[in-house]
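**Student:** For reference, the structure I am asking about is given below.
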Amino acid sequence: VQQQRDRHTPPITLLQKYFLISTMLARTALSTLNAFKAQPMSRGMAVVTNFKPLTMSDLPVPQGSWKEANTKKQRSHNITLLTGVVIALATIITAKESGLVQFYFGPKIGK
């Protein structure tokens, strides 16, 4: 296998060897420099002195009637549902009547 690969790949020139070695050395130097620059992780909460844990009293208080809000939301959802059903039925009926779609519900009886 080594002989076949050597036969198909051109030999590496001296300039290519120099480039490969200089690239490896540059990468090694950069990774070493980054290792020295890295700082250990620190806990960010050490600086905060006036931290107060949240309690249930800090949450917003619901206002208004739940039933009215729910009825309004459900009315909107029901209108959206009804609109979707009407558009889907209109599309199916139009496709059936235009002859573009055959549903083949069963054999035609008669005639």
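The values are calculated or read from the model by the stated rules, or taken from the named source; none is laboratory data. Keep in mind it's a predicted model, so treat the numbers as computed, not measured. All Cβ positions, even for glycine, are placed from backbone atoms using ideal geometry, and neighbour counts span all protein chains on display. These accessible areas exclude ligands, DNA and RNA; they are computed on the full protein's heavy atoms, side chains included. Shrake-Rupley method; radii C 1.70, N 1.55, O 1.52, S 1.80 Å.
**Student:** Multiply the residue separation of Trp66 and Asn50 by 0.36 nm, subtract the distance between their alpha-carbon atoms, and state the gained length in nm to one decimal.
**Tutor:** 2.1 nm
**Student:** Right, another one. Which value in nm describes the separation of the simple spin-label points at Phe103 and Ile87, placed 7 Å from the Cα toward the beta carbon?
**Tutor:** Each label point lies 7 Å from its Cα, and together they span 2.1 nm.
**Student:** Starting from the residue with the highest accessible area, list Lys52, Lys17 in decreasing order, probe 1.4 Å.
**Tutor:** Lys52, Lys17
**Student:** Let me ask something else. Quick one: order Arg27, Arg75 from most to least accessible surface, probe 1.4 Å.
**Tutor:** Arg27, Arg75
**Student:** Once both labels are modelled 7 Å past Cα along the beta-carbon direction, what's the Lys73-Ile12 spacing in nm?
**Tutor:** Taking the two extended label points, one gets 6.7 nm.
**Student:** Okay, next question. Please list 3J(HN,Hα) in residue order for the range 16-26, calculated via the Karplus relation 6.51 cos²θ - 1.76 cosθ + 1.60 where θ = phi - 60°; whole Hz, with x for glycine and proline.
**Tutor:** After applying 6.51 cos²θ - 1.76 cosθ + 1.60, I find 5, 5, 4, 5, 4, 5, 5, 5, 5, 5, 5 Hz.
**Student:** While we're looking at this one, here's another question. Of Tyr18, Tyr104, which has the most accessible area with a 1.4 Å probe, and how do the rest follow in descending order?
**Tutor:** Tyr104, Tyr18
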